Amino acid sequence: MVFGRSERAKARKRRGASEPLTLKILVAGGFGVGKTTLVGAVSEIRPLRTEEALTEAGRPVDDLAGVEAKSTTTVAMDFGRITISDELVLYLFGTPGQDRFWFLWDELAQGALGAVVLADTRRLADSFAAIDYFERRHIPFTVAVNCFDDAEEFPAETVREALDLDEDVPLTLCDARERASARDVLVGVVEHALAHSAARREPAAT
Amino acid sequence: MTDRWFDDAAGPVVRPYAMTRGRTRSSTEEAKLDLIALVIADRPGGGTGPRDPGDAEAPEEAPTGAEGTEDSDVHADRTLAPEHVEIVTRCRREPLSVAELSAALDLPLGVVRVLIGDLVDRSLVRVSRPVPPAELPDESILREVISGLKAL
């Protein structure tokens, strides 16, 4: 807890605030890939749910086939919290799984430290949209393959190839239910964000 | 003829926005309150710190037993909706993010944002400035997050 206190105090003074700095990491990926499970595995609180209500008028492209009677949609985002210190609080947001809610992603992605795209080897295509999204916006992200018990195991390189990932995007295997594994995934995201920010700063310095 | 007004899907959406008197946008200049912006409510009489100046060691949280007197000002304010009061009293106990308030009050984000905007206008709460979107936090902060996570 004593670690780096002076730096933090300085940073806080710079911001002129007495409340903690809040940060966020996004947990993205297809429906049912284990986003909320991962958030729950490391969060100090039971994952909470926040919702935004959409009306049909506002979102004409909503695909309501089969549920035509429903004229409103609720988009839910599950999130958790990790208090790093008195001055730093990290929030983890599970992004809405459906591709059509990009506009909510934009809000979520604003100011995010980074993201992890969870992938399931049985449905790799489900993670394409999230990978594209973060690539295009230059948001540092990693890919974590959630190893489901009944899924066939593939070497990381095979998955990387199948996802057509850039070399510098870290890819790991994880078990979203395991606290230690989920924690390592998050450490990987922040380490990648750190490398990303260092790489961005370098050309400017020379 | 009246059936259309009882469309079940209309319920959960329309009702929360009735709390905001139909407003879907917050009136504050801080316009879009970030999901992780912290809402802070200072105690009446100034300061978030210990209320008794002679007792500097007192914990910052309100003693739960004293709630009736602690927040009597907002409870007595009849211009505030119960949801406004709940936001103020929760945030006086500890700063809460916009997302946490939305979850705690079980209201859509848009509604909570409008309510928070009202309270900012009335100076009952203030909102922390999140990290500017274009800026990533300092590397020292990222390092601290890493070591904090590793210690979990």
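How many of the residues making up region B:79-127 are assigned to a helix (DSSP H, G or I), more than 8 Å from chain A (Cβ to nearest Cβ) and free of Cβ contacts under 8 Å to residues at least 12 places away in the same chain? Residues flagged as assigned to a helix (DSSP H, G or I), more than 8 Å from chain A (Cβ to nearest Cβ) and free of Cβ contacts under 8 Å to residues at least 12 places away in the same chain within region B:79-127 amount to 1.
Checking each residue in region A:23-39 for being more than 11 Å from the chain's Cα centre (by Cα) and either away from every other protein chain (no Cβ under 14 Å) or among the acidic types (D, E) (or both) picks out A:G30, A:F31, A:G32, A:V33, A:G34, A:T37.
Matching residues to (1) part of a loop (DSSP other than H, G, I, E, B); (2) more than 14 Å from every other protein chain (Cβ to nearest Cβ); (3) closer than 16 Å to A:V39 by Cα:
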site: A:H138; (1), (2), (3): yes, no, no
site: A:F154; (1), (2), (3): yes, yes, no
site: A:H192; (1), (2), (3): no, no, no
site: A:R201; (1), (2), (3): no, no, no
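Annotation note: of A:T74, A:T50, the sole residue that is facing chain B (nearest Cβ under 9 Å), in contact with a helix residue (DSSP H, G or I) (Cβ under 8 Å, 6 or more places away or on another chain) and either modelled with pLDDT under 80 or in a loop (DSSP other than H, G, I, E, B) (or both) is A:T74.
Taking region A:156-190 as the range and being in contact (Cβ under 8 Å) with a residue 40 or more places away in the chain, surrounded by fewer than 19 Cβ atoms within 10 Å (Cβ to Cβ) and in a loop (DSSP other than H, G, I, E, B) as the test, the residues that pass are A:R177, A:E178.
Is it the case that some residue within region B:128-136 is at pLDDT below 90, among the β-branched types (V, I, T) and in a loop (DSSP other than H, G, I, E, B)?
Among the residues of region B:128-136, at least one is at pLDDT below 90, among the β-branched types (V, I, T) and in a loop (DSSP other than H, G, I, E, B), which makes the answer yes.
The values are calculated or read from the model by the stated rules, or taken from the named source; none is laboratory data. Being a predicted model, the structure only gives us computed values, none of them experimental. Please note: Cβ atoms are built from the backbone with ideal geometry, for glycine as well, and neighbour counts cover all protein chains shown.
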